[in-house]
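First comes the structure, then the notes that go with it.
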Amino acid sequence: MTSLGGVEMVDWKLAVQTATRLVRPGPDVSRDEAREIVAELRRHAKASEEHVRAFTRLAQDGAGAADTPVLVVDRPGWVRANVAGFRELLQPLLGKMEARRAGMPGGAVLGAVGGKVTGVEVGMLLSFLASRVLGQYETFAPATRDLPGSPDGGRLLLVAPNIVHVERELGVEPHDFRLWVCLHEETHRTQFTAVPWLRDHLRMEIQSFLEETDIDPSTLLERLRQAVQTLGGNRQGEPAEHAGEDGGGAAGEHGGIVELVQTPAQREILGRLTAVMSLLEGHADYVMDGVGPQVVPSVSEIREKFQKRRATGAGRLDQALRKLLGLDAKLRQYRDGERFVRAVVDEVGMDGFNRVWTSPNTLPTRAEITKPAEWIARVHRKAD
């Protein structure tokens, strides 16, 4: 990681320590029950490979998923894995900000203090997110001693305590729910192992977005501070309305931290990234429900209850933080992307839909995600 005088913009070690200290404990399970849950999740992840390949008709590239490790982790494990990914992906941006800080009066002192402060604040945000993620395909995850990765950087994470927490909260059949979650995450693994250009395309888009960033370090840190204060204010008994729940404040004005750092060029790149992520998430939702009736008997009940939970969040504070962090946009990605995939498959079949994976030029635009007929006209009818 590029650093200034040995001081990083973010003290990542402190971020991990803070997040693991603050993260909520998982549900109560015995040691034997925990072993059984981990073993079952591993079995479901393995079984999901065949189900997803058969349904999507996507062939693996080379060794493909066989080289992609499946890690069943707890909440601190999820934090450590994501910090490693953040460091890798944000290196160009933080290096740029560190260079700017070097020319500021008192930059070294600011760096020493700012890195610690930001480490704590990033850790607080990670502690919030760590109790909500069920599973994740890490596209750009560097392998570490404790967290192995595939040669090209991918790995699949299943967060066992969160899966158990949600299945209990929803009151659904545990074995069905665990397989259902694995189907979603396995679809993401299939997308990247069957479409070899997709990883590099996403990396290039993200790097272009970061390279266009021109923001004073104190401004970005202030946005992080706003998010932490939202969380901290509620812990101290502050009403959720003061945290942006009513649409005011930082969350209501900007709709997510990412939108605060956009230049015109970034907005264009973000539009393409939003379309791709909507496609990937919507495709995964479509597949998990399409495979579901064959292997998950209670899939209809699970989907109905899970959709309701996803839409409402866990409470008013949760909703406020989702707005500030831009997580509401992610919920729209699931919904809009699934509608796009369903409409295209209904019109041209699964093989016709799979033309979307031909090249970056056949990916849907942001407008086409909400107007699938336009994508069909551009990719199918024009070619035919």
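Some values worked out for this structure:
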item: So V52, is it within 29 Å of T358 (Cβ to Cβ), modelled with pLDDT of 80 or more and in contact with a strand residue (DSSP E or B) (Cβ under 6 Å, 6 or more places away or on another chain); result: no
item: Flag if A47 is surrounded by 15 or more Cβ atoms within 10 Å (Cβ to Cβ) and under 26 Å from L183 (Cα atoms); result: yes
item: Residue in the range 243-261 that is among the small types (G, A, S) and modelled with pLDDT of 80 or more present; result: no
item: Residues satisfying the stated conditions in the range 21-40, i.e. within 15 Å of V73 (Cα to Cα) and basic (K, R); result: R24, R31, R35
item: Tally of residues being under 16 Å from R168 (Cα atoms) and β-branched (V, I, T) across the range 15-37; result: 2
item: V117 hydrophobic (A, V, I, L, M, F, W, C), modelled with pLDDT under 85 and surrounded by 21 or more Cβ atoms within 10 Å (Cβ to Cβ); result: no
item: Matching residues, the range 173-197, being of a type in the set (A, V, I, L, M) and either modelled with pLDDT under 90 or buried (at least 20 other Cβ atoms within 10 Å of the Cβ) (or both); result: L179, V181, L183, A194
item: Subset tally (residues that are within 19 Å of F192 (Cβ to Cβ), part of a helix (DSSP H, G or I) and not polar (S, T, N, Q)) for the range 341-384; result: 7
item: In the range 21-35, the residues that are in a helix (DSSP H, G or I) and over 17 Å from L134 (Cα atoms); result: R21, L22, R31, D32, E33, R35
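The values are calculated or read from the model by the stated rules, or taken from the named source; none is laboratory data. Just so you know, these numbers come straight off a predicted model, no measurement behind them. Quick reminder, even Gly has a Cβ in these numbers, built from the backbone with ideal geometry, and neighbours come from all protein chains shown.
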